[in-house]
C-alpha cells in the first residue's frame, strides 16, 4: 500500500508517496544535499518514496526541510495505521568513515525528539546542518514516534549528517519488522 500526502502553504508545495513495502526513492526538493539525505533515509529504511517539493528557496532552505519532515511524518503515521503487527522498537549505530551516529526509535504514538549532535562544520556544501534537527523534529512529531539521535563523533559534516540519517533509517526498519499482535500492555498505541 502506498500512502500519499500533499501539503500546500504559502511557503511550500509538497507531495510525498510512501510505501513501507519498498520501491525506488525519487526525491526532488531543490536542495541537493537534503535530497541525498532523504534518498538515504528511504533506501536504508527499505521504503519506496516519491517526494517533490517546490519551496521558497529564495528565502532559505528552512521551510522546505521542515515542511518535508511534516509531510513525511504524516505519511508514515498514515501508513502505520493502528501500529499493530510491528516490533515497535528499533536501534542502530552507523559508522560513516570517521563519524559514528546512533538512533533509537519507539513507534509509540508519543512524539518526542532527543537530538544530541555537534557538527564539525556549520554546512555540508550550501546546506545548513542545523536543519537536520529541524527535519527530524518535524518528522518525529508528525509520525507520532519517539526518536533519540546521538552523534558520537566525527570530523566531516557530510559524513556526520549521513550517519544520522542512515542510523534513523535502520532503527525505523527494525521497529517496523513484523511481529504478531500489538506490542503494548495498554492494548493500544
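Among the numbered criteria (1) part of a helix (DSSP H, G or I); (2) within 22 Å of residue 177 (Cβ to Cβ); (3) more than 11 Å from the chain's Cα centre (by Cα), which one does residue 21 miss?
With (1) part of a helix (DSSP H, G or I); (2) within 22 Å of residue 177 (Cβ to Cβ); (3) more than 11 Å from the chain's Cα centre (by Cα) applied to residue 21, the lone miss is (1).
Based on this model, can you work out whether residue 115 counts as crowded, with 16+ Cβ neighbours inside 10 Å, at pLDDT 95 or above, under 27 Å from residue 22 (Cβ atoms) and within 17 Å of the chain's Cα centre (by Cα)?
So residue 115 does not fit the description; no.
For the stretch 24-36, enumerate the residues that are in a strand (DSSP E or B) and either within 20 Å of residue 173 (Cα to Cα) or at pLDDT below 95 (or both). Even if it seems obvious, please write down each step before you answer.
Here is the first cut: in the stretch 24-36, the residues in a strand (DSSP E or B) are 25-28.
Once the filter is applied, which keeps residues that are in a strand (DSSP E or B) and either within 20 Å of residue 173 (Cα to Cα) or at pLDDT below 95 (or both), the stretch 24-36 yields 25, 26, 27.
Residues that are touching a helix residue (DSSP H, G or I) at 6+ places or on another chain (Cβ under 6 Å) and surrounded by 22 or more Cβ atoms within 10 Å (Cβ to Cβ): does the stretch 175-189 have at least one?
Checking the stretch 175-189: not a single residue is touching a helix residue (DSSP H, G or I) at 6+ places or on another chain (Cβ under 6 Å) and surrounded by 22 or more Cβ atoms within 10 Å (Cβ to Cβ).
Looking at the stretch 1-18, which of the residues that are assigned to a loop (DSSP other than H, G, I, E, B) and in contact with a helix residue (DSSP H, G or I) (Cβ under 9 Å, 6 or more places away or on another chain) is surrounded by the fewest Cβ atoms within 10 Å (Cβ to Cβ)?
1
Kindly provide the set of residues from the stretch 138-164 that are more than 12 Å from residue 117 (Cα to Cα) and crowded, with 19+ Cβ neighbours inside 10 Å, ordered by number.
Scanning the stretch 138-164 gives 138, 139, 140, 142, 143, 144, 145, 147, 158, 159, 162.
Are any residues in the stretch 116-174 touching a strand residue (DSSP E or B) at 6+ places or on another chain (Cβ under 7 Å) and under 15 Å from residue 62 (Cα atoms), and if so, which ones?
Once the filter is applied, which keeps residues that are touching a strand residue (DSSP E or B) at 6+ places or on another chain (Cβ under 7 Å) and under 15 Å from residue 62 (Cα atoms), the stretch 116-174 yields 122, 129, 133, 136, 137.
Restricting to the stretch 37-64, name every residue that is touching a residue at least 40 places away in the same chain (Cβ under 8 Å) and more than 23 Å from residue 175 (Cβ to Cβ).
Of everything in the stretch 37-64, those that are touching a residue at least 40 places away in the same chain (Cβ under 8 Å) and more than 23 Å from residue 175 (Cβ to Cβ) turn out to be 53, 54, 55, 56, 59, 60, 61, 62, 63, 64.
The values are calculated or read from the model by the stated rules, or taken from the named source; none is laboratory data. For clarity, every value in this text was computed on a predicted model and none was experimentally measured. FYI the Cβ positions are ideal-geometry reconstructions off the backbone, even for glycines, and counts take in every protein chain you see.
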